[in-house]
Amino acid sequence: MSLRVVNLGLPKTGTTTLARALRRAGLRVADHRIRSKQTKNEDLHGAYVADLLYRGLYETGDPWTHLSVFNAISEMSVLRDGRSIWPQMDFAIIDAIRKHHPGVKFVASSRDPFALSQSMLAWSDLGTTRLPGSSVPGLPQGYGETSAERMQWIEGHYAHLRAIFAGDDNFLEYDVADPAARDLISGFLEMPVNWWGKTNVNKLNEVA
């Protein structure tokens with residue numbers, strides 16, 4: 001299946017909303033982890049998208065090798081069960097996808113850095129334990145407990161993406177809180193995106 005769109009945004013930037021919107025638009029979307037109902041390939045059941053991307057990269061050079069039943073990714077990182085893998089921060093992964101899949105569209109779902117930092121803080125133990133207790137690209141273990149540290153990390157990630165994709169028409173960064181987000185994505189992907197809403201919402205934070 002031809003790869004269409006890859007999201008390089010961070011968790012809590014409306015990635016679940018993006019996944020639902022793309023599915024309703026007719027795409028087959030890999031979102032964080034592969035569910036059994038998505039494929040008959042039992043080897044993929046329960047696998048993290050991040051693991052599959054790296055398996056493909058190091059086995060064949062193409063990160064998409066084990067994800068060919070899909071044509072979109074809405075969230076690719078994993079930070080749980082002792083695993084900390086962030087392909088959206090790895091130039092080698094991004095560069096390999098671009099080389100093996102010319103014309104693929106990259107999006108970067110984003111939010112105001114303070115709002116995103118607060119959403120991470122309010123989501124389970126992501127901001128209080130998992131981020132500061134793990135080694136994350138740009139946020140070594142022991143950092144990420146304060147809003148200032150999380151915000152600097154967030155801003156650095158999106159600055160890195162802007163530098164990588166400078167002048168590239170196949171890249172779109174959008175703010176999930178922008179009322180025009182759905183139309184921006186629809187125009188960028190050149191396909192109708194008819195649904196847009198809020199999913200996976202924090203109890204203490206209204207934005208998806």
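The values are calculated or read from the model by the stated rules, or taken from the named source; none is laboratory data. Just so it is clear, the model here is predicted, and its values are computed rather than measured. Note that each Cβ is placed from the backbone with ideal geometry, even for glycine, and that neighbours are counted across all protein chains shown. Remember, those area values only see protein heavy atoms, side chains included, never the ligands or the DNA or RNA. Shrake-Rupley method; radii C 1.70, N 1.55, O 1.52, S 1.80 Å.
Out of all DSSP beta bridges in the chain, what portion is antiparallel? Express it as a percent rounded to 5. Within the chain, antiparallel bridges account for around 30 percent of the total. When the Cα convex hull of the chain is projected onto planes of every orientation, the mean area is 10.9 nm². Solvent-accessible surface of the chain, averaged per residue with a 1.4 angstrom probe and all protein chains in place: 46 square angstrom.
For VAL6, the amide hydrogen comes within under 5 Å of the amide hydrogens of ILE73, LYS105, PHE106, VAL107, counting only partners 5 or more places away or on other chains and with H modelled in the peptide plane. Sort out for me the Cα centre separation of the range 1-51 from the range 95-128, rounded to whole Å. That distance is 14 Å.
Spread over its residues, the convex hull of the C-alpha atoms of the range 66-140 is 125 Å³ per residue.
A probe of 1.4 angstrom, applied to the heavy atoms of all protein chains, finds TRP153 with accessible area near 10 square angstrom. Here the Karplus curve 6.51 cos²θ - 1.76 cosθ + 1.60, taken at θ = phi - 60°, turns the phi angles of the range 177-183 into couplings of 7, 6, x, 8, 4, 4, 5 Hz, with x standing for Gly and Pro. Sorting the segments 162-168, 41-47 by their mean number of nearby beta carbons within 10 angstrom, highest to lowest, gives 41-47, 162-168. The lysine pair count for the chain, using Cα distances under 26 Å and pairs eight or more places apart or on different chains, is 7.
Scalar couplings 3J(HN,Hα) for the range 121-128, obtained by applying the Karplus form with A = 6.51, B = -1.76, C = 1.60 to θ = phi - 60°, are 5, 7, 8, 6, 10, 4, x, 8 Hz; x denotes Gly and Pro.
The string of couplings for the range 39-49 from the Karplus curve (6.51, -1.76, 1.60, θ = phi - 60°) is 7, 7, 6, 5, 5, 9, 4, x, 6, 7, 4 Hz, one whole number per residue in order, with x for Gly and Pro.
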